[in-house]
Structures are given as C-alpha cells and as structure tokens.
Amino acid sequence: MRIATWNVNSLKARLPRVEEWLSYAQPDVMCLQETKLADSAFPSMAFAALGYEAAHCGEGRWNGVAILSRVGLDDVVAGFSDQQEDEDTEARLLWATCGGVRIGTVYVPNGRMVGSEFYEEKLAWLDRLRRHVEGACDPSEPLVMCGDFNVAPEDRDVWDPTKLHGGTHVSQPEREAVAALQRWGLVDVFRSLHDEDRLYSWWDYRAGDFHQHRGLRIDLVLATKPVAERATFALIDRFARKGKLPSDHAPLLVDFDDDDVSGAGSRERSRGAGRS
DNA sequence: ATGGTAGCGCTGCTA
C-alpha cells in the first residue's frame, strides 16, 4: 500500500496539480491538508473520476483536511474524540479506515510566534492529539497518522534553526510534543528510512527559499510499529514543489509491504510453515 | 539592505 500526504495550500488553486500528481504517483491513500474549502465545494467528482473515494472536513477559508482512498474508506470521523457537539473547532483532523489501516490526516496549528497565544494553542492542540490517540488507539494495531505537523523534529530537519521567525517549528516544547507521540509508539517512517540531513518538505514561497534549499521537514508520516516495520520506500517529491503554481509543501509518500499490513503476521507464519 | 510570495477576497490577515 502506498500512502501519501500533502499540504496543498488551497485545493481550489491546486486541483490540477493534485490530479496530475495522483495520476503519476498512484497512491492508494492520499491525505490532504489546507484544502481551504467548505465541504460543499469539495471536488469529490474529480477524485471519483480518478478512482478515489473521498472524505473531507472543511470550514471554508482556512484549514480543511481530506482523505482520498482507492482501497476503501470506512468509519470516517472528524475531529477529536473528546469534542463536544457545540464546540467550535477548526477543521484540522480527520480519520478513516482504508485497506485495514486506521488513517488520520492532521493539520497542526502553525503557532506563529513562540510565547504567543497561538503558540500555546498549538501546544494544547498537540497534547490533545496525543491524548486522543492514546485513548482511541493501540500501538500494537495498524495506525498511520500523517500530515503537516508544523514541527521539525530535529535540527537536521531544518536549514538553519537560528533563522526561523520567532523560533516556532523547532522549539523544545513543540519537539517534545512530537516526541511524546513517538514514545507512545508512532514511528517517523521517512526518518526510519533516510538518515540524511537537508531533506525538507516545506519551503517558504519568499526570497527564493526553494531555489536556495532553505526548507524544513515538517510533513510527517507517523505509523505504529506493525505498519512501520513494513515500510519499504519513502520519498519527498521535490519535483511537485517546482513549476507552475506549486504548493509551498512537497508531497511525502511511503510504501508499505502490505500483503497483510493489518498485523496478523501471515508472512511470519508462512516462513514458519516453510521451516516446519 | 532585516526584505521576499501566495491565497483568500477585496482589507488585511494567515502562513
């Protein structure tokens, strides 16, 4: 199974590029962030034409997340498990089960400046996400949570940690929030397959940052061990950040060897059977 | 020299 994630920075502006990318990358599941669309404006038909079912959680002008799948799309749930009916939440979290794997698409708040109210809300949101995952999921079950975390986990994920405005995306509390997810049992799959620095997923539109390779790795695929152990390939597609009308993020894709990604262990069993 | 671009939508905010 191939799972991809992409912050598209407006699906209305990016639909042709997303369609093009789906056609050549052929993901089985595609998580999108920052669709910036109301649910009523979501282009379900365009994705159906490419063979994808879709679920969208949008609010209109800001945020908005979606999951596209051609391997089933069941048990769709938007938002946090402790969310109240009347709670006015931003459209930043959506879950669905695709091909036997629970999949989440997340768009973590930016935080703007360290110490601002927005920064505190970002930390609270990340903590609420951790509590949601810990309460609703089991690290021994197949789970993939991917999206724009707006946190670069380590200094090797950043072109220059000292030059970021306000120091968000690299502060210790933000990194600790991501580390807490990893301690629970989520693996940074791209990092498990690539040790190198200078592998980024986002570049500011301004000042030629992409051309100068001044970026951050803030888009992550986090998977529980039953899934992460089966990862065979991971790629940040910098090609999709080039050319006409790009998003400021590149898509990240990961391949999982999935003749049985649901964790029943058919491969181990068949090896055992071969030896017996 | 401390800048810059893009999206939304029509004014200035958000990233």
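What does the extension gain come out to for A:Arg131 and A:Glu20, with contour length at 0.36 nm per residue minus their alpha carbon separation? Kindly include the intermediate steps, with their values, before the conclusion.
Values: separation 111, 0.36 × 111 = 39.96 nm, distance 3.67 nm.
Here the segment from A:Arg131 to A:Glu20 would lengthen by 36.3 nm.
For chain A, what are the DSSP H helices with axial Cα length of 15 Å or more and mean Kyte-Doolittle hydropathy of at least -1.0? Show your work: numbers first, answer last.
Values: long enough: A:11-25 (20 Å, -0.35); A:117-136 (28 Å, -0.94); A:172-184 (18 Å, -0.93).
Span-like helices in chain A: A:11-25, A:117-136, A:172-184.
The Kirkwood radius of region A:13-80, taken over pairs of alpha-carbon atoms, gives through the Stokes-Einstein law at 25 °C and 0.890 mPa s a diffusion coefficient of 201 µm² s⁻¹. Listed by chain and number, the lysines whose alpha-carbon sits under 17 Å from that of A:Lys244, ignoring those within fewer than 8 places in the same chain, are A:Lys12. What distance in nm separates the two pseudo spin-label positions at A:Ala13 and A:Lys163, each 7 Å out from Cα along the beta-carbon direction? Taking the simple label geometry, A:Ala13 and A:Lys163 are separated by 2.3 nm. Which lysines have a Cα lying under 25 Å from the Cα of A:Lys163, excluding residues fewer than 8 positions away in the same chain? Result set, ordered by chain and number: A:Lys122, A:Lys242. Mind checking which of A:Glu59, A:Glu85, A:Glu34 has the largest fluctuation in a GNM of chain A, springs on alpha carbons under 10 Å? Among A:Glu59, A:Glu85, A:Glu34, the largest mean-square fluctuation in the Gaussian network model of chain A belongs to A:Glu85. Note on chain A: helix-only mean residue ellipticity at 222 nm, from DSSP H runs of 4+ residues weighted -39500 (n - 2.57) and normalised by residue number, equals -7500 deg cm²/dmol. Scaled against 2.2 N^0.38 Å for its residue count N, the alpha carbon radius of gyration of region A:120-258 is 1.06. Here each label is just a point 7 Å from Cα along the line to Cβ, and for A:Asp75 and A:Arg156 those points are 3.5 nm apart.
Computed extension length for A:Arg198-A:Ser140: 17.7 nm, one decimal, from 0.36 nm per residue of separation with the Cα-Cα distance subtracted. Between the alpha-carbon centres of region A:1-61 and region A:174-193 there is a gap of 25 Å.
The Rg/Rh ratio for chain A, using Cα coordinates for both the radius of gyration and the Kirkwood hydrodynamic radius, is 0.95.
Each value in this text was obtained by applying a stated rule to the coordinates, not by laboratory testing. Just so it is clear, the model here is predicted, and its values are computed rather than measured. Here Cβ is always computed from backbone atoms with ideal geometry, including for glycine, and neighbour counts include all displayed protein chains.
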